[in-house]
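Novice: Let me give you the structure first, and then I'll get to my questions.
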Amino acid sequence: MADRKLDLKRLMFSMASLADLGEEATSSKDLSSKMRAALYVITGMFSVPSAALFLYHPQRHYLELLVDKGQRDKALQGITMPILSEQIKRLRPNDPQTARDLAGHAFYQRNRGLWTKLQIEMFLPLFVKGEFVGAVALGRKLGGAPFRAAEKDVLRIVAHQMAITLHNARLFLDLAEKAAENKKLYTRMQRIYHDTVEAFAAAIDAKDEYTKEHSYRVASYAVAIARELGWKKQDIEGIYIAGLLHDIGKIIVDVKVIKKTETLSAPEICEIRKHPQISYDILSKIKFPWKDIGKFVLHHHERLDGTGYPNCLKEAELSDGVKILALVDAFDAMTSNRPYRDKLPLEKAFQEVMRCKGTQFDSKITNTFFRILHKELNGEIKEPQILPHLQETDMRNIKALASGLAM
Ligand SMILES: [Fe+2]
């Protein structure tokens with residue numbers, strides 16, 4: 001009667017512990033914390049002072065110690081036990097095995113040193129649907145008594161539960177690893193894109209020493225406006241690329257026309273005006289990860305009043321991206337020397353932009369441009385993107401001007 005009472009008490013304790021184990025296994029903790037908590041439940045359940053949990057790495061053919069409890073050596077985490085596929089086949093899935101059970105086993109013989117160091121009394125290989133996922137190793141019970149048959153039964157249930165937890169966690173880890181790998185690849189691809197595009201931009205600007213770094217400045221100003229307008233990171237990248245490549249079509253235009261210092265003839269104007277369409281034709285063949293690049297470059301010489309080229313589009317047909325490029329391209333042209341004229345002083349350039357606001361340039365974009373300039377002059381923007389490109393001797397004058405124009 002007393003024995004039955006004791007057995008019932010043990011059974012109740014095991015059930016309660018299994019419930020605790022289930023709770024830990026399904027908690028939202030990270031894998032190590034989850035497994036550590038599970039190990040604490042297991043050691044309490046079987047009165048063992050030490051235990052360890054190993055994760056199996058199929059590609060590396062070893063078990064790696066993920067968490068341990070009760071070990072004197074604190075540097076055990078990450079320690080490995082090699083195990084080959086044919087050795088795994090000889091393990092009894094989710095069944096507790098002692099050192100004696102595994103004595104003739106090559107896996108045990110190979111790892112006997114660590115086995116002794118960890119004082120493993122019971123080894124529990126964890127399997128899910130025939131797939132080996134890891135192992136739990138338990139030390140000697142307090143008092144040295146062997147594991148009883150009923151305890152081994154409970155251990156089998158524990159093994160199933162731990163195996164499923166480990167299996168799910170590994171699936172999740174694999175997914176997280178894949179996502180991290182994809183992110184790395186994507187970042188590398190973006191870098192390659194940027195490098196290639198910057199090289200192209202340098203090639204475009206190199207065709208004409210007067211427009212040296214024009215594309216880079218246009219890209220830089222465009223980013224500043226897009227940022228101020230609250231564009232998404234991906235779209236800001238897109239306008240940066242469009243800025244760098246907006247004049248790529250000039251690669252095909254005769255260099256003599258580009259460098260001509262005298263007034264251009266009608267056929268020459270016609271030739272130079274083909275460059276947005278050529279830019280579009282080149283870029284629309286490339287599958288960029290950013291949208292609208294082709295359209296941005298095609299229309300960067302359009303005007304709100306419909307007097308631009310190549311399609312004489314009107315305000316409603318122009319996107320913000322096009323309007324940004326149209327403004328910053330013209331502004332940089334005004335503030336750089338050209339073969340046929342010297343650059344305008346900043347004051348004059350500002351006046352010219354204001355004069356063309358509403359006819360050539362969009363009002364919202366123009367106001368934003370001056371607002372950024374005002375902020376940059378007041379040190380309100382950490383990394384200024386317009387100011388560093390403007391060379392002006394009298395900055396006080398510019399500050400007063402920009403503050404008057406900012407809205
Ligand atoms: Fe252009």
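Novice: For Lys348, state whether it is open to solvent by 60 Å² or more (accessible area, probe 1.4 Å) and more than 22 Å from Ala402 (Cα to Cα).
Specialist: no
Novice: Any idea which of (1) under 33 Å from the mean Cα position of the chain (by Cα); (2) modelled with pLDDT of 95 or more is the one Thr359 doesn't satisfy?
Specialist: Only one criterion in (1) under 33 Å from the mean Cα position of the chain (by Cα); (2) modelled with pLDDT of 95 or more is unmet by Thr359, namely (1).
Novice: Suppose the filter is in contact with a helix residue (DSSP H, G or I) (Cβ under 9 Å, 6 or more places away or on another chain), away from the ligand (no atom under 16 Å from the Cβ), polar (S, T, N, Q) and assigned to a helix (DSSP H, G or I); does Gln190 pass it?
Specialist: yes
Novice: Consider Ala37 against the criteria (1) free of Cβ contacts under 8 Å to residues at least 24 places away in the same chain; (2) open to solvent by 30 Å² or more (accessible area, probe 1.4 Å): it satisfies all of them except one. Which criterion is unmet?
Specialist: Failing condition for Ala37: (2).
For (1) farther than 30 Å from His374 by Cα; (2) more than 14 Å from the ligand (Cβ to nearest atom), each residue gets a yes or a no:
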| position | (1), (2) |
| --- | --- |
| Ala226 | no, yes |
| Asp235 | no, yes |
| Tyr240 | no, yes |
| Ile252 | yes, no |
| Lys256 | yes, yes |
| Asp281 | yes, yes |
| Tyr309 | yes, no |
| Cys312 | yes, yes |
| Ala316 | no, yes |
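Novice: With respect to Glu198, is the statement that it is assigned by TED's automatic domain parsing to the domain that holds Leu76, open to solvent by 60 Å² or more (accessible area, probe 1.4 Å) and in contact (Cβ under 8 Å) with a residue 12 or more places away in the chain true?
Specialist: Here the answer is no, as Glu198 does not meet what is asked.
Novice: Kindly indicate whether Ala222 is within 14 Å of the ligand (Cβ to nearest atom), assigned to a helix (DSSP H, G or I), among the small types (Gly, Ala, Ser) and surrounded by 15 or more Cβ atoms within 10 Å (Cβ to Cβ).
Specialist: So Ala222 fits the description; yes.
Novice: Please verify whether Glu302 is within 16 Å of the ligand (Cβ to nearest atom), in a helix (DSSP H, G or I), more than 20 Å from Lys212 (Cα to Cα) and modelled with pLDDT of 90 or more, treating the condition exactly as stated.
Specialist: It is false that Glu302 is within 16 Å of the ligand (Cβ to nearest atom), in a helix (DSSP H, G or I), more than 20 Å from Lys212 (Cα to Cα) and modelled with pLDDT of 90 or more.
Novice: While we're looking at this one, here's another question. So how many residues does the stretch 261-279 have that are assigned to a loop (DSSP other than H, G, I, E, B) and either within 16 Å of the ligand (Cβ to nearest atom) or within 37 Å of the chain's Cα centre (by Cα) (or both)?
Specialist: 3
Novice: Being farther than 27 Å from Leu173 by Cα, modelled with pLDDT under 90 and of a type in the set (Val, Ile, Thr): is that true of Val67 here?
Specialist: No; evaluated as a whole, the condition is false for this residue.
The values are calculated or read from the model by the stated rules, or taken from the named source; none is laboratory data. Quantities reported herein were computed from a predicted structural model and do not represent experimental measurements. Ideal geometry is used to build each Cβ from the backbone, glycine not excepted, and the neighbour counts take in all protein chains shown. Heads up: the accessible areas ignore ligands, DNA and RNA and are worked out on the full protein's heavy atoms, side chains in. Shrake-Rupley method; radii C 1.70, N 1.55, O 1.52, S 1.80 Å.
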